Amino acid sequence: MNPTRRTFLRQFSLGSLSWAAFLQACRADSRPAGTPQPMVISTWQHGLAANAAAWQILSAGGRALDAVEAGVRVSEADPQVTSVGYGGLPDRTGKVTLDACIMDETGNCGSVAFVQDIMHPISLARMVMEKTPHIMLVGEGAQQFAWEQGIKPENLLTPEAEQAWREWMATQTFTRPPINVENHDTIGMVALDAQGNLSGACTTSGAAYKLHGRVGDSPIIGAGLFVDNEIGGAAATGWGEAVIRICGTHLVVELMRQGHSPQEACQLAVERLISKNPDYQEIQVGFIALNKHGEHGSYCIQPNFDYAVHDATGNRMIKAPSKR
Ligand code: SD4
């Protein structure tokens, strides 16, 4: 009898668990030997709330794909999260433009970029994946598809974000946003379900005050997000241009394929990125990764990036080691 079942039976005999929990534990226990426990990881502090939503699905034996979609939708709808969905900081013309992608255990993926007025671009990306022969739709075409699918347009520019944009426009002349949490809080999430399958999601309003029409790494499969069910998955946050240059998350997954732990793979990818970006001291990039065995890791250029991890023991933040 494995420890999970032993612990469970002890608790059950004490009457501390419900019948539903008993059935759930039995389901989990009937998984093939060696199958890891479900787990979800996601970027930044807002990952805690997103993980909690994903965990509801994972802990009930649900599919990782459903978990990551439900998880990142929490950040998309949260006006306090100023770099994702509703409440995201706009581009320099005052428009909130969103990028998102999703990838499942079979290698299916969907993506939308440069979309406006859509509260949940991650769900639109999933519709592209499941209802079209394509992977990526952008701009007006993606919006047209959204309206055809019954999605209703919504204004995503909150008064606070508009005010911040007006203040910023009055004072700044920039080519790149400064390094700080407010400008770098895309949510990237990777989950492993009770069947041992991986999926990932990534969604963002992108770099604050970007040029109108700019698309970052987040909706690009292999840059902002990559999942290979045989190996693991990875997500990126930070200055997307630098991530795209090295196909960052694809690189992380390939490094895991070569035998590196998620932690080592993230570090090696950041080092590769640094070697290709002489200006790395002025940017932040962080990777998170989760492998098929339920091991996770992260690494970033600048300090102060952390990620949220939820497994059967709870939901917690982990500080990512950094280059600087
Ligand atoms: C981008 N990677 O559009 C995104 C922005 C971000 O945390 O903030 N990531 O480049």
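The values are calculated or read from the model by the stated rules, or taken from the named source; none is laboratory data. Since this is a predicted model, take the numbers as computed values, not measurements. Virtual Cβ from ideal backbone geometry, glycine too; neighbours counted across all protein chains shown. These accessible areas exclude ligands, DNA and RNA; they are computed on the full protein's heavy atoms, side chains included. Shrake-Rupley method; radii C 1.70, N 1.55, O 1.52, S 1.80 Å.
Overview of results
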| read-out | value |
| --- | --- |
| Whole-Hz couplings from phi, Karplus 6.51/-1.76/1.60, listed for segment 118-132; x for Gly and Pro | 10, 5, 10, x, 5, 6, 5, 4, 5, 5, 4, 5, 8, 10, 10 |
| Exposure of Thr93 as accessible area (Å², to 10), given a probe of 1.4 Å and all protein chains | 70 |
| Among Ser218, Ser42, Ser298, residue whose mean-square fluctuation peaks in a GNM of the chain (springs only between Cα atoms under 10 Å) | Ser298 |
| Extension reserve of the Glu282-Glu154 stretch, reckoned as 0.36 nm per residue once the Cα distance is removed | 42.6 nm |
| Dipole-positive endmost among Cys109, Pro79, Pro90 within segment 62-109 (Cβ charges, Cα centre) | Pro90 |
| Total charge dipole magnitude, segment 44-111, about the Cα centre, Cβ charges on Lys, Arg, Asp, Glu only, Debye to nearest 20 | 180 |
| Under 14 Å from Lys319, Cα to Cα: aspartates and glutamates that are on another chain or at least 8 residues apart | Asp306 |
| Efficiency of FRET from Cβ geometry, Arg324 and Ala77, R₀ 30 Å, rounded to 0.05 | 0.35 |
| Antiparallel DSSP beta bridges within segment 137-285, percent to nearest 5 | 90 |
| Cβ charges +1 (Lys, Arg) and -1 (Asp, Glu), total dipole of segment 184-324, debye | 260 |
| Farthest toward positive dipole pole in the chain [+1 Lys/Arg, -1 Asp/Glu at C-beta], among Ala208, Pro278, Gln195 | Gln195 |
| The chain, accessible area per residue, ligands and nucleic acids excluded (1.4 Å, Å²) | 42 |
| For the chain: relative contact order, % (alpha-carbon pairs under 8 angstrom, 6 or more apart) | 21 |
| Fraction of antiparallel bridges per DSSP, the chain only, in percent to nearest 5 | 90 |
| Assigned charges on the beta-carbon of Lys, Arg, Asp, Glu; segment 93-151 dipole about Cα centre (debye) | 100 |
| Residue-averaged 222 nm ellipticity for the chain, from DSSP H runs of 4+ at -39500 (n - 2.57), nearest 500 | -10500 deg cm²/dmol |
| Mean Cβ count within 10 Å, highest first, over the residues of peptides 66-74, 305-313 | 66-74, 305-313 |
| With eigenvalues of the C-alpha gyration tensor scaled by 5 and rooted, the chain, Å | 33, 22, 18 |
| Integer Hz, Karplus 6.51/-1.76/1.60 couplings in order for segment 60-66, x for Gly and Pro | 8, x, x, 7, 4, 4, 5 |
| Folded to 0 to 90 degrees: helix 262-276 orientation relative to the chain principal axis, Cα | 20 |
| Rounded percent of accessible protein surface that carbon and sulfur make up, segment 244-324, 1.4 Å probe | 48 |
| 0 to 90° range, to nearest 10: angle between helix 159-171 axis and the chain longest Cα axis | 40 |
| Amide H contacts of Val285 (H built 1.01 Å from N, under 5 Å, at least 5 apart or other chain) | Trp239, Ile301, Gln302 |
| 31 Å Cα-Cα threshold exceeded, pairs from Lys210/Lys276; Lys210/Lys292; Lys292/Lys323; Lys152/Lys210; Lys131/Lys292 | Lys210/Lys292 |
| Relative contact order computed over segment 194-324 (Cα-Cα under 8 Å; 6+ residues apart), in percent | 19 |
| Mean Cα-pair separation over length for segment 74-149, i.e. relative contact order, pairs under 8 Å, 6 or more apart, % | 23 |
